[in-house]
Structures are given as structure tokens and as C-alpha cells.
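Read-outs: derived from the displayed coordinates by stated rules, not from any lab. Just so it is clear, the structure is predicted and the values come from calculations on it, not from any experiment. Methodologically, a virtual Cβ is constructed for each residue, glycine included, from the backbone with ideal geometry; neighbour enumeration extends over all protein chains shown.
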Amino acid sequence: MKKAKTLVVLVAVVGLAAACATQKQELNARQDGAVQTALERGRFDLNCPSATATVLSRDYIQPAIQGPWVGGLQRVEYTVGVAGCNQRTTYVVMCQLGTST
């Protein structure tokens, strides 16, 4: 019985590690596009073509509802600071997984 319990715990740990790696990969894969989107918007809003962008935070958002028959939207979220011409602002960029947007 102890071996079965140990096996279940081991499988759970491996599953969590794989999920974390996948989340990190998704965050890394979409970060450049999110930063570029925020930077373009910031340059327009600030009227500053030389503005630069910095990722302040990023998060992998799980669906609010999950189950065998219900699947929610998985998203990644980036908070990007844009600064230039003695101004600065912050944008939140969300990307839905499974789409190119």
C-alpha cells in the first residue's frame, strides 16, 4: 500500500513540474509580442517615438471553471511599463492561448 501511495505522489509531482514548464514556455513564447503591442500603444499615447518598454510582471491565468465537460479560457497576462519623453504609463496585455492574438 505504501508503494502505491508513493507512486501517486511521484506522478503528481512530475505532473506539476511539467505543467509549470509548459506555463513558463507559454509566457516566454508570447512575451515579445505582448511587449511590442504595449510599446506601439505607448509610443502613440505618449506621442513619443523613442519610448521603451519593460515587463513589470507576467502571469499564467487558469480558467475560472474547469471540469471534464467544461473548459475555460487559458490566458497569459503581461504588465508592461512604457517610458519616454519624460512620461510613463502602464499597460496590461492579455493573450488567449490557442489563438494568434
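Given a Förster distance of 25 Å, report the FRET efficiency between Ala29 and Thr52 from their Cβ-Cβ distance, rounded to the nearest 0.05.
Taking R0 as 25 Å, the efficiency between Ala29 and Thr52 is 0.70.
Available extension along the chain between Asp59 and Thr22 is 12.1 nm, counting 0.36 nm per residue and deducting the alpha carbon span. Residues of segment 48-65 with backbone nitrogen within less than 15 Å of a virtual label 7 Å along the Cα-to-Cβ line of Arg88, please, listed as ranges. Zone members listed by number: 51-57. Taking amide hydrogens as placed 1.01 Å from N in the peptide plane, the amide H of Ile61 sits under 5 Å from those of Arg75, Val76, Glu77, each at least 5 positions away in sequence or on another chain.
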